[in-house]
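Just below is one structure, and these are the notes that go with it.
The values are calculated or read from the model by the stated rules, or taken from the named source; none is laboratory data. These figures come from a predicted structure and were not determined experimentally. Virtual Cβ from ideal backbone geometry, glycine too; neighbours counted across all protein chains shown.
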Amino acid sequence: MNFFESQERVRKNTLLLVLLFGLAVVTLIVMVNLLVMVVFGYINRQQLQEGGALLQQMDWQTIAAVSAGVVVVVLAGSLYKIMALSAGGKVVAESLGGKLIPQNTKDLKQRKLLNVVEEMAVASGTPAPPVYLLADEPAINAFAAGFSPRDAVIGVTQGTIDHLSRDQLQGVIAHEFSHIFNGDMRLNIRLIGVLNGILILGIIGYYLLYSASFSRRGRNSGKNAGGIMALAIGLMVIGFAGTFFGGLIKAAVSRQREYLADASAVQFTRNPDGIAGALKRIGGLESGSKVESPGALEVSHAFFAQGVSGFMQALSATHPPLAKRILRIDPHWDGKFAASDKQDNTVSPREGGLSHEEETSNNETMTRDALARHLATVVTGAAMADVANAIDQIGSPKAETIHHARSLLSELPTIIIEAAREPYGARAVIYSLVLDSGQEVRDRQLAHLQTHADPAVGVLTRKLLPEMGGLDIKYRLPLIDIAIPALKQLSLDQYQAFRDNLVVLIDMDSRVDLLEWSLQKILFTHLDGQFFKLVHTKTRYSHVGQLKQEIELILSVLAYAGQQENHAVEEAFSAATTILDISGLQVVAENEITFSNLDIALKKVEMLKPLAKPQLLKACAACVLHDKKLLSVEVELVRAFSDVLGCPMPPVIR
């Protein structure tokens, strides 16, 4: 199952969730109505014993009022929770007591974790998500939370970085990246909201019971207080039923996804011992995977392993048993869990440790870094093919792509990569990428930064100029991906100033080229949702043919970006249209193309349904591959388009 099929599966699972939610609400309506009828005497037990009909005793107006009340309370509880989580995954992480790990942390264990996340992110073609640490949790567990890769976060317990080797940690993080790419996080957020609505009746019962017990101590004790107390106890019992229904719903939509995420992690890392070793270590650890935070119950379905325990959880477990998961990955497992930690052979401050695959092996003729350097110097024809391969790898990069990402990170000068990992330096790095090559325009840009940017950022920008000026263009996208997590740590005022300064710097030479536009598009696509109200795009179009004008504009931009002659533009455009099942597509005249029109077109294309997106991306690849020359501007444009579509495209190996 590829990335796009997984996205479509999540859409169908959402329909299943709505159905199960509806059944739970109907059951709760019946139970609450019976409770009200019994407690407040609407049902005459004596008449029932004498053969009276139950339906004749029903007060249908009261039943309608109670039913409407239950629906309103449940829906209000669900919508309130979903709105509270609308800020993204950081809300979930903070509710569990997670603290953001700074990108420039000096703690070696945290550094190793961030390097693994960064490496996976660059290999996936997406900015590294912020990482939260649950420092008070000794068990081994992790989670990914958010609505999309743009607002995703990864959380890990202290036990995860204390007890797992780098290989095992990589397996866990790859598992969580799978949830991010497959759209499982959005389903998890909806699950949290739905379950809050179902459980809200029990919470109301608790407060009614508290109020009734307080009233009985005062002057108002009597029959009314007794009835309220009985109603409260009944609602609490119904609340337990809601918990049971919630567990069943979680199990119905969660368990199979864990098997799929495990398989994706193995495919991602090409190292089954990593994730299998992590699961074996959980089984051998006294604290296992249990998360002690009070908020763990409502997030239990999002954890890497079973995070809560108890009788109710045993009946409707959100995760398959450890042994079954391990056997699917390692069929020859002897059934013994790991009783001690597996240590990394080497730990370095920058890399945070070497993985098993980097160690010397008699079966390998080339180290991982050597392989990456080889792949980075492949002939042009292989690089051409890799554009198409990168699209095929969306959501599931191959091992060589991870090797390539590690090579890119290791080749970056230390001063640049360390700057990109912290908020001040990240701004300086991005500013440096848009400084003009002409001295006159550059002097005006630097003068603007001196007066409008944070003084420390302006100084650091000047300091980085010698290193940034000699940097190969292939490092642009990895640097952007590394800088985005640090930029997410800015305050709203700092981000607004950064955003405004970036726009001014780009406009300083009175023109915006495609490289500048793509950089700006990638940045703002991932950052605006962090600081401004996140608007979730609704899917509307099931076929690219419904967006004929928008497709014409996007493919025309790509054709002009890689070609100079009119006939070559036509040929590149034609190569792209052969991929699409649309007749009558025409190249848009170059003087009719504006960036504002391109932005509008991309907003509509973003509304394509998952299974319609790969066809468009493959058409984009056909357009840039037509002349068998791959320009950096073409790569960045395809990356920008894929980011807008919510499809993380792995880096092209060139």
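Please specify each residue of the stretch 83-100 satisfying the condition of being part of a loop (DSSP other than H, G, I, E, B) and among the hydrophobic types (A, V, I, L, M, F, W, C). Once the filter is applied, which keeps residues that are part of a loop (DSSP other than H, G, I, E, B) and among the hydrophobic types (A, V, I, L, M, F, W, C), the stretch 83-100 yields Leu85, Ala87, Leu96. Per the listing Arg442, Arg540, Arg476, Arg511, the residue uniquely among the charged types (D, E, K, R), buried (at least 18 other Cβ atoms within 10 Å of the Cβ) and out of contact with any Phe, Trp or Tyr (no Cβ under 9 Å at 6 or more places or on another chain) is Arg476. Residues in the stretch 143-177 that are polar (S, T, N, Q) and modelled with pLDDT under 85: Ser148 alone.
The helices (runs of 4 or more DSSP H) located wholly in the stretch 397-495 that include 3 or more residues which are in contact (Cβ under 8 Å) with a residue 60 or more places away in the chain occupy 399-411, 414-420, 423-433, 439-452, 476-487.
With the requirement that a residue be surrounded by fewer than 20 Cβ atoms within 10 Å (Cβ to Cβ) and either within 16 Å of Lys538 (Cα to Cα) or touching an Asp or Glu at 6+ places or on another chain (Cβ under 7 Å) (or both), what does the stretch 607-631 give you? Passing the criteria: Met607, Lys609, Leu611. Residue-level check: of (1) surrounded by 14 or more Cβ atoms within 10 Å (Cβ to Cβ); (2) free of Cβ contacts under 8 Å to residues at least 60 places away in the same chain; (3) over 21 Å from the mean Cα position of the chain (by Cα), Trp60 misses just (1).
Scanning the stretch 516-552 for residues that are among the aromatic types (Phe, Trp, Tyr), part of a helix (DSSP H, G or I) and at pLDDT below 90 yields a count of 1.
State which residue is modelled with the lowest pLDDT when the search covers only the stretch 590-614 and only residues that are small (Gly, Ala, Ser) and within 16 Å of Lys548 (Cβ to Cβ).
The residue in question is Ala612.
Might you check whether a residue that is at pLDDT 85 or above and at positive phi occurs anywhere in the stretch 91-114? Explain how you work it out, then say what you get.
Initially, the stretch 91-114 is screened for residues at pLDDT 85 or above, giving 91-102, 105-114.
Those still in the list that are at positive phi too: 97.
Within the stretch 91-114, one or more residues are at pLDDT 85 or above and at positive phi.
For Val512, the conditions (1) at pLDDT below 90; (2) assigned by TED's automatic domain parsing to the domain that holds Val587 are fulfilled apart from (2). Total residues in the stretch 324-340 satisfying the condition of being surrounded by 16 or more Cβ atoms within 10 Å (Cβ to Cβ) and hydrophobic (A, V, I, L, M, F, W, C): the figure is 4. With the condition kept exactly as written, say whether any residue in the stretch 95-117 is among the polar types (S, T, N, Q), under 19 Å from Ala419 (Cβ atoms) and crowded, with 24+ Cβ neighbours inside 10 Å. Yes - at least one qualifying residue is present in the stretch 95-117.
Tell me, yes or no, whether the stretch 61-77 has at least one residue that is farther than 23 Å from Ala24 by Cβ, modelled with pLDDT under 85 and not assigned by TED's automatic domain parsing to the domain that holds Pro130. Spell out how you get there, then give the answer.
Just the residues of the stretch 61-77 that are farther than 23 Å from Ala24 by Cβ, to begin with: 61.
Applying the additional criterion that residues be modelled with pLDDT under 85 yields 61.
Cutting the leftovers down to not assigned by TED's automatic domain parsing to the domain that holds Pro130 gives us 61.
Yes, there is a match, as at least one residue in the stretch 61-77 is farther than 23 Å from Ala24 by Cβ, modelled with pLDDT under 85 and not assigned by TED's automatic domain parsing to the domain that holds Pro130.
Candidates in the stretch 86-112 are the residues that are in contact with a Gly (Cβ under 7 Å, 6 or more places away or on another chain) and aliphatic (A, V, I, L, M); of these, the one that is farthest from His301 (Cα to Cα) is Leu108.
Any chance you could count how many residues in the stretch 562-620 are under 31 Å from the mean Cα position of the chain (by Cα) and part of a helix (DSSP H, G or I)? Count: 23.
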